[in-house]
Amino acid sequence: MEVWKCGSTPILPYPHTPLLKIMSHEPGAQKIKLPETEEGTVLFGVDPIIIKHHYEIDYIHSYAQDSPFFAGLTKKKLLGSRCTQCNYKFATPRSHCMECGAKTEWFELPLEGKIHTWTTCYFGSEEFLKETPFTLILVEFEGVNTLFLSRLVGVEPGKAEIGMRVKAQFLRNCKFKPTDVYFVPA
Amino acid sequence: MRPVYMVSGGITKFAKAHPDMDFRYMVKQAFDYAMNDVPNLTRDMIDGSVASYFSDHFTRQLKAASMVQDYLGLCPKPSKRIEGGGATGGLCFQAAWEAVASGRMNVCVAFGFETMSRVSTWKGNEFIAHASDTNFDYPVGGFYTGYYAMMVRRHMHEFGTTVEQMALVSIKNHGNALYNPYAQSPMKLTIEDVRNSPMVADPLTMLDICTMSDGAAVCILASEEMAARLTDKPVKIIGIGAGTDSMRMADRPHGKVILLPHESESDYKNLKYPGVHSFRGGRMAAKQAYEMAGITNPLEELDFVELHDAYTSSEIQTYEDLGLCKYGEGGPFIEAGHSTLTGKIPVNPSGGLLACGHPVGATGLMQAVFAFWQLQGTIQKHLGNDHLQIKNARRGLIHSHAGTGTYITVSILEAV
């Protein structure tokens, strides 16, 4: 093992390594080196070099002021927001009014509505690819100013229709996600 | 506010993948091209820059724009990063405009890039889908093509727009790209080709949708004094506008149309607007830009438009938002050939996003570069042929659009 010098003082590469061990010439003295592993790297190409790089995240995610909506799904209730000042009714909850800025309060939405618009996805984001084809709908409710995004179940892909009456159904084993509710033809 | 001019621009060829260059080198290529076009401009004359890219996930690198600033040799000059979904490039262009208009900078570089090939297509779509409400929308089946498909379905219901009219947009834009060597998808198509390509999200097929890309673009903006020193063909930015809408489509109101000067309320007596059929952010952006530019009838007063056609349907919806025709008339507008190269107002002569590609952070700047070359009359020089050159073009509009219309910009450029 080499010893680097600065002036007359030896500079050791690893400060905590006993000097005697390095300086001695006893048989069996350990070479200092990093351990090798058999783990390689997935290589897709060499010119230029293209490797696989994995990255993932777990969030500790709060639903904050929207939490009552997700709790309501566990009781088979669909909750929207009603403005306490201008009476605007939101089918998708928001704690403050988009129109006038006032605080809203929770109210129970009807469980039946109509399809305002729809699509069937035959491809999707990676996370949802295995669920394709699936049908997305925006639901309108009588007397409510805005819409609600959900899945339509029980209708053949590509066969939904604007104006079709639909009703909400709920999962028994809740996931605390908006997919705890979904819609079927009424 | 001082007048602001565009004096130069550069772009890389947009491609499905550019593994031979990382984001820094890509921007450098576009930057060097732009600098070569204004030989009197030296690096020390540049006061600062603005950067745009959409997703840190695509670069696998936070604060990637700092690395570009360094790579271009612009440190320690001021810079900042702009992000705004699909409108990122348009917002960046306007931020550079602000830097010069305010007097803070005399010469400002706007650079943008995206490297979307670094993940698989469907993982890339997942990143993009995270630009929707991740509590209420994404978990239901987050997929931007699905969101736009719901909007077009409603547009079809309200106005009678047809999938064949949408296919005409694809035919036009892929056809224009045959003459644009920077474009990723030049194609000669028929309506049958478009309708028979794989259905992605009903009614949008693969050929109704732009492709993900790697690419970079650079614009150089300057004050009047600097513009006069740098080029004999500067292009003045005469109108700037921007608009927004709620992240969740479900939240959008069903009310009255924001009117342009050449419209009246009676034109839209029974229309509930914007709902989910139109982009009021686009209308707001156009209204502001037209007011600033003194435009009262865009179809008569503009010579071309480069707009955000991530989907064929978006182009039709945007004809209406920009007031090129009334709301509801976008389908007949394309059907009548009004937006072709030889029509009343060529829309997306470059090929648009459908055919050029959509490297998100570069796209809005790419539009500015093509508009600049059109107004300079230098399409022949930069594209190697003049097929796409619009003769005597004096005014062009560029339009940049994000996530179902949550951020939209409109900028109007004029030849001097």
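The values are calculated or read from the model by the stated rules, or taken from the named source; none is laboratory data. Note that this is a predicted model, so its numbers are computed, not measured. Virtual Cβ from ideal backbone geometry, glycine too; neighbours counted across all protein chains shown. Heavy atoms of the whole protein, side chains included, go into the accessibility calculation; ligands, DNA and RNA do not. Shrake-Rupley method; radii C 1.70, N 1.55, O 1.52, S 1.80 Å.
Structure summary
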quantity	calculated
Residues of the range B:1-112: accessible area per residue with a 1.4 Å probe, Å²	39
For chain B, built as a Gaussian network whose Cα springs stay under 10 Å, the top-fluctuating residue of B:240, B:345, B:191	B:191
For chain A, with +1 on Lys and Arg beta carbons and -1 on Asp and Glu, the positive-most of A:109, A:37, A:51 along the dipole	A:109
By average C-beta atoms within 10 angstrom, highest first, the peptides B:337-344, B:17-24	B:17-24, B:337-344
Relative contact order, percent, chain A [alpha-carbon distance under 8 Å, six or more residues apart]	15
Over 18 Å between alpha carbons, listed pairs B:236/B:326; B:28/B:233; A:130/B:123; B:13/B:381; B:28/B:381; B:233/B:381	B:236/B:326; B:28/B:233; B:28/B:381
Sequence-separation-based contact order of chain B, relative, with Cα cut under 8 Å and 6+ spacing, percent	26
At least 40 Å² accessible surface lost relative to isolated chain, residues of the range A:155-169 (1.4 Å probe)	A:162
At least 24 Å along the helix axis (C-alpha) and Kyte average at least -0.5, DSSP helices within chain B	B:360-376
At least 20 Å² of accessible area lost relative to the chain alone, listed for the range A:89-110 with a 1.4 Å probe	A:92, A:93, A:94, A:98
Share of carbon and sulfur in the accessible heavy-atom surface of chain A [1.4 Å probe, %]	54
Residue (of B:390, B:231, B:276) at the positive-pole extreme of the protein assembly as shown, dipole from beta-carbon charges	B:276
Rel. contact order, % - alpha carbon contacts under 8 angstrom, at least six apart, the range B:276-403	30
³J(HN,Hα), Karplus 6.51/-1.76/1.60, whole Hz, each residue of the range B:218-225, x for Gly, Pro	9, 10, 10, 10, 8, 6, 4, 4
Convex hull volume per residue in cubic angstrom - Cα atoms of the range B:365-416	81
Cα centroid separation - the range B:4-24 against the range B:97-138, whole Å	14
In nm, spacing of pseudo-spin labels at residue B:102 and residue B:224 (7 Å Cα→C-beta vector)	2.1
Euclidean distance of C-alpha centroids, the range B:249-287 and the range B:323-362, integer Å	20
Förster-model FRET efficiency, 25 Å R0, residue A:74 and residue A:186, C-beta, rounded to 0.05	0.65
Solvent-accessible area, 1.4 Å probe, carbon plus sulfur percent, for the range B:7-83	51
Protein accessible area in the range B:190-264, 1.4 Å probe - carbon and sulfur %	55
Simple spin-label estimate for residue A:156 and residue B:270 in nanometres, 7 Å along Cα-Cβ	3.2
Residues residue B:16 and residue A:46, FRET efficiency given R0 of 25 Å [Cβ-Cβ distance, rounded to 0.05]	0.80
Delta accessible area of at least 30 Å² on complex formation, residues of the range A:30-53, 1.4 Å probe, chain isolated as reference	A:48, A:53
In the range A:84-153, GluC sites (Glu not before Pro) in a DSSP loop with at most 12 other beta-carbon atoms within 10 Å	A:142
Rough spin-label spacing in nm, given labels placed 7 Å along Cα→Cβ, for residue A:87 and residue B:256	2.0
Averaged over B:146-154, number of beta-carbon atoms from partner chains that fall within 10 Å	6
Area buried, chain A against chain B - accessible surface, total, 1.4 angstrom probe, square angstrom	3700
Accessible area (Å², per residue) of the range B:275-389, counting only protein heavy atoms and a probe of 1.4 Å	23
Shape box of chain B [Cα atoms, principal axes, largest first, Å]	56, 44, 39
Residue mean of other protein chain beta carbons inside 10 Å, B:110-123	1
Relative packing of B:356-368, B:39-51, A:40-52, which averages over residues the other C-beta atoms within 10 Å, highest first	B:356-368, B:39-51, A:40-52
16 Å reach of a label modelled at residue A:102, 7 Å along Cα-to-Cβ, counting backbone N of the range A:47-88	A:81-88
Solvent exposure of chain A as accessible area per residue, Å², 1.4 Å probe	67
Test item: A:143-152 mean partner chain Cβ contacts at 10 Å	5
